[in-house]
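Worksheet for the structure shown next.
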Amino acid sequence: MALNKAKVITVTSVKGGTGKTTTVLNLAGFLSAMKLRTIIVDLDLYSGSVAAMLNINDGSDIYTLCEDYMNNRFNQFSDYVAKYNDYIDVLAAPVDPRNGSKIKAKYISIILSRLVLQYDVILIDTIMKTIVNQMLKMRWE
Ligand SMILES: Nc1ncnc2c1ncn2[C@@H]1O[C@H](COP(=O)(O)OP(=O)(O)O)[C@@H](O)[C@H]1O
Ligand SMILES: [Mg+2]
């Protein structure tokens with residue numbers, strides 16, 4: 001477990017296909033070479049591709065994690081996180097994109113507040129729309 005709270009790096013843009021995921025994966029490779037425990041959180045909730053690009057599709061995703069958290073079934077992050085190598089873990093976007101809109105902002109916030117205690121770096125891959133939507137939702141929740 002990391003001694004200090006993780007640094008959080010968010011890669012985003014207003015447009016798709018601008019190289020967000022490529023940037024995140026390259027940063028992860030660099031951080032891994034630096035032996036920093038890194039988790040990629042794929043918050044491109046409707047078209048996340050990190051797990052597919054790393055070929056680590058094991059069916060676990062952030063939607064299942066949020067559902068289990070909400071229903072008191074959550075035990076530990078390792079049940080929901082796919083491992084790429086000794087330093088890089090991935091919390092995948094919803095396997096079924098229809099579940100993207102069912103994820104509540106407050107659970108993303110809870111998840112991140114716990115992940116910062118377990119990693120050196122959190123890399124977030126997300127589209128601006130997700131951030132804006134989640135912020136608007138948070139105002140009303
Ligand atoms: N620096 C770059 N130069 C050229 N092509 C790039 C660069 N970064 C990404 N690409 C290509 O652009 C496409 C979209 O990249 P991707 O990282 O999936 O974008 P996003 O995650 O923003 O949708 C991919 O085919 C990727 O290989
Ligand atoms: Mg992408």
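Any read-out appearing in this document is the output of simple, stated calculations on the displayed coordinates, not a laboratory observation. As the structure is a computational prediction, the values presented were derived from the model and not from experiment. As a convention, Cβ positions derive from the backbone with ideal geometry for all residues, glycine included, and neighbour counts pool all protein chains shown.
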Rounded to the nearest 5, the percent of DSSP beta bridges in the range 7-140 running antiparallel is 10 percent
Expressed as a whole-number percentage, the relative contact order of the chain with C-alpha contacts under 8 angstrom and at least six residues apart is 44 percent
Label model pair Met34, Ser47: point-to-point distance (7 angstrom along the Cα→beta-carbon line) in nm is 3.0 nm
Of 54-60, 111-117, 37-43, ordering from highest average Cβ density within 10 Å down gives 37-43, 111-117, 54-60
As straight-line cross-link partners of Lys35, the qualifying aspartates and glutamates (C-alpha separation under 16 Å, not fewer than 8 residues apart within one chain) are Asp86, Asp89, Asp120
Once Thr10 and Asn26 are pulled to full extension, the length gained, defined as 0.36 nm per residue separation minus their Cα-Cα distance, is 4.4 nm
Here, the chain modelled as identical Cα point scatterers in vacuum has Debye log10 I(q)/I(0) at q = 0.10 Å⁻¹ of -0.29
